Amino acid sequence: MNEVVERTLYLAPVGENTPSTQSNDRDGRLRRLKEQLSKPMPSDGVWGWLGPLLVTAIAAGLRFYQLGRPKRITLDETYYVKGGLSLWEFGFERDGVANADKLLALGKTGIFETTADYVVHPMFGKWVIGAGIQIFGPNAFGWRFMVALLGTLAVFVIARIGRRMFRSTLIGCMAGLLLAVDGTAIVMSRIGMLDGVLAALLVFAFGCLLVDRDKSRELLAHRMKFIEMGENGLWQGAGPHLGVRPWRLASGVFLGLALGTKWSALYFIAFFIILSVLWDAGARRRAGISSPLLSAIKRDFIPAALSFGALAVVVYVMTWGGWILTDGGWDRQWAADRTTSYPFIPDVIRSLWHYHVEMLKFHSTLTTSHPYESNAWGWLIQARPTAIYYSSNVSCGAAKCTSAITSIGNPMLWWAGVLAMGYLAIEWLGRRDWRAGAILGCIAAGWLPWVVFYNERTVFGFYTVVLSAFMALAVAYCLGRILGSSDASTRRRTIGAGVVGAYLAIAVVAAAFFLPIWIADPISYAQWGQRMWFKSWI
């Protein structure tokens, strides 16, 4: 084997050309291949679960404390809470009566007209919000419960993702802690809106894809023994098929549910297809398969497209089940009296298509000015957060008091995250670190489309909640490098631990400082002003 191939595969050269030597060499290569493709997880036993659970407990406290405050509808809760309640009652969304928001605040449920409501977002997220109302009743705690639960679970999952991605429970828990104390994640987990649901589902989908990466590599190493080796020391052909991959299918289901919450999940679906194929190509290259990218496209592209694309679409359509199976939804009967050149297409599918065309028109033409709209260019530095709720009709012991919910992300996460993105770009381009590329790709999927395609559209800073978990991973990646490897000198590790510990402590202190304006805690107007660091935050 030539030196380049040998260096690429991290395998020893082929020995004497005898059957026994070839057999022994083949067995040795397969053993080394398994070691290369399947790096062991940390052997820290119970701490692999206990550590993530501890940071999840912190997240739960921040997300569930006084969750029912304020007791009234805030911002866009007016759409999604009524939508969720209507879906559970009728299977589709009805218009609310004129004073529906006030009636909900009083715990009333008879709040709907007989007419169907025209909605511009899919239904799954509203089904989720409505589930909380079914459990706890039509009150603020009920319509926020499921979003808070998903936001809390996302912290646990991101800690486990970090553990698997970095092969370190400590770094995984750092990522979980940063997400637990992020203001954007906290605020959007405590409000009955779609974005918190979307963010959690995308984290779950990414976690499943990451597990699939490890499982598929183990399977590839196992199935390589059935592939013949050529005289050049490379395995012949495109390599083995890997068959049905359950974790990738699970990722596709979560992506379908995310798409059924907000259409912006579509960009993650496209990215996950690309990412999965690239990861498979990397595995095949490490295995010594010639033309690994072409081999991955041949063997893995169609299964990936089916798992993430086709399956996600099927799941998405299923989330419209209430509208499909009932007759009263908005324009449900649109196709009934209209002729078509495609009579074989059922009326319900034509009506559903028409509905989606109308939704697309709305989203592509929404330019109405709003006092808290925020250009996507400023999202990553928290240039213009959203005032979710504000009231001066509260008591706090001062002459003038206020209670507010503002989606300001923890500056220690977001500002450090922007710097971390630069470092990750260097690691990805320079060292081809797949972890850096995956994190940056997820951030790009959740941010760049708004910059490129919707720069003139009315958008809001709280959309960045889908980026919070990946920003936490980006910063945790850098903290791991600052901490140093396990074989570094004691002095190096001590300095690294000091820097990392100081940063995390400041992040926690910053969270404590901003917490009152994340959870509507009554404070004096002067204290509120102290937290408005920039004019654009007001």
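The values are calculated or read from the model by the stated rules, or taken from the named source; none is laboratory data. Remember, it's a predicted structure, so these values are computed and weren't measured experimentally. Virtual Cβ from ideal backbone geometry, glycine too; neighbours counted across all protein chains shown.
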Has segment 10-30 got any residue that is in a helix (DSSP H, G or I), modelled with pLDDT of 90 or more and more than 26 Å from residue 151 (Cα to Cα)? no
Out of all the residues in segment 176-183, is one or more surrounded by fewer than 24 Cβ atoms within 10 Å (Cβ to Cβ), of a type outside the set (A, V, I, L, M, F, W, C) and part of a loop (DSSP other than H, G, I, E, B)? no
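Filter segment 242-251 down to the residues that are part of a helix (DSSP H, G or I) and either of a type in the set (A, V, I, L, M, F, W, C) or under 13 Å from the mean Cα position of the chain (by Cα) (or both) and list them by number. Break it down stepwise before answering.
If we filter segment 242-251 for residues that are part of a helix (DSSP H, G or I), which is where we start, we get 246-251.
Once the filter is applied, which keeps residues that are part of a helix (DSSP H, G or I) and either of a type in the set (A, V, I, L, M, F, W, C) or under 13 Å from the mean Cα position of the chain (by Cα) (or both), segment 242-251 yields 247, 249, 250, 251.
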Is it the case that some residue within segment 293-300 is free of Cβ contacts under 8 Å to residues at least 12 places away in the same chain, part of a helix (DSSP H, G or I) and either surrounded by 14 or more Cβ atoms within 10 Å (Cβ to Cβ) or out of contact with any helix residue (DSSP H, G or I) (no Cβ under 8 Å at 6 or more places or on another chain) (or both)? no
Taking residue 475, is it at pLDDT below 95 and among the hydrophobic types (A, V, I, L, M, F, W, C)? no
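Would you say residue 221 is surrounded by 24 or more Cβ atoms within 10 Å (Cβ to Cβ) and assigned to a helix (DSSP H, G or I)?
Details: surrounded by 24 or more Cβ atoms within 10 Å (Cβ to Cβ): no; assigned to a helix (DSSP H, G or I): yes.
The answer is no for residue 221.
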Hey, can you tell me all the residues within segment 472-503 that are surrounded by 13 or more Cβ atoms within 10 Å (Cβ to Cβ) and of a type in the set (Ser, Thr, Tyr)? 477, 503
Per-region count, segment 493-538, residues under 18 Å from residue 55 (Cβ atoms) and in contact (Cβ under 8 Å) with a residue 40 or more places away in the chain: 10
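Hey, does segment 110-124 have a residue that's over 25 Å from residue 474 (Cβ atoms), in a helix (DSSP H, G or I) and more than 13 Å from the chain's Cα centre (by Cα)? Spell out how you get there, then give the answer.
Within segment 110-124, the first condition is being over 25 Å from residue 474 (Cβ atoms), and the residues that meet it are 110-124.
With in a helix (DSSP H, G or I) added as a condition, the list becomes 124.
With more than 13 Å from the chain's Cα centre (by Cα) added as a condition, the list becomes 124.
The answer is yes; a qualifying residue exists.
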Going by the conditions given, is residue 495 more than 26 Å from the chain's Cα centre (by Cα) and either part of a helix (DSSP H, G or I) or modelled with pLDDT of 95 or more (or both)? yes
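Within segment 56-73, work out how many residues are within 21 Å of residue 154 (Cα to Cα) and either surrounded by 18 or more Cβ atoms within 10 Å (Cβ to Cβ) or touching a residue at least 24 places away in the same chain (Cβ under 8 Å) (or both).
Taking segment 56-73 first, the residues within 21 Å of residue 154 (Cα to Cα) are 56-68.
Adding the requirement that they be either surrounded by 18 or more Cβ atoms within 10 Å (Cβ to Cβ) or touching a residue at least 24 places away in the same chain (Cβ under 8 Å) (or both) leaves 56, 58-60, 62-68.
Count: 11.
Specify the residue that is surrounded by the fewest Cβ atoms within 10 Å (Cβ to Cβ); the eligible residues are those in segment 407-453 that are outside any helix (DSSP H, G or I) and in contact (Cβ under 8 Å) with a residue 40 or more places away in the chain. If you could, list the steps in order and put the result at the bottom.
Within segment 407-453, the subset outside any helix (DSSP H, G or I) is 407-410, 432-433, 453.
Then drop every residue that is not in contact (Cβ under 8 Å) with a residue 40 or more places away in the chain, which leaves 407-410.
Numbers: 407: 29, 408: 23, 409: 29, 410: 30.
Among residues in segment 407-453 that are outside any helix (DSSP H, G or I) and in contact (Cβ under 8 Å) with a residue 40 or more places away in the chain, the one surrounded by the fewest Cβ atoms within 10 Å (Cβ to Cβ) is 408.
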Residue 399 versus (1) assigned to a loop (DSSP other than H, G, I, E, B); (2) within 30 Å of residue 368 (Cα to Cα): which is the lone unmet condition? (2)
Identify all residues within segment 344-393 that are among the β-branched types (Val, Ile, Thr), surrounded by 15 or more Cβ atoms within 10 Å (Cβ to Cβ) and not in a helix (DSSP H, G or I); write none if there are none. 386, 388
Number of the exception - residue 217 against (1) at pLDDT below 95; (2) in contact with an Asp or Glu (Cβ under 8 Å, 6 or more places away or on another chain): (2)
May I ask you to list the residues in segment 74-106 that are free of Cβ contacts under 8 Å to residues at least 40 places away in the same chain and β-branched (Val, Ile, Thr)? 78, 97
Quick one: what pairs do we get from segment 152-165, first residue within 22 Å of residue 38 (Cβ to Cβ), second modelled with pLDDT under 95 and among the aliphatic types (A, V, I, L, M), C-beta under 9 Å, 6+ apart or different chains? 163/41; 164/41
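Taking the options 133, 161, 129, name whichever one is touching a Gly at 6+ places or on another chain (Cβ under 7 Å), of a type in the set (Val, Ile, Thr), over 22 Å from residue 256 (Cα atoms) and part of a helix (DSSP H, G or I). Give the steps one after another, and end with the answer.
Values: 161 fails: over 22 Å from residue 256 (Cα atoms); 129 fails: over 22 Å from residue 256 (Cα atoms).
Exactly one residue qualifies, and that residue is 133.
Go through segment 86-118 and report how many residues are small (Gly, Ala, Ser) and surrounded by 17 or more Cβ atoms within 10 Å (Cβ to Cβ).
Total meeting the criteria: 5.
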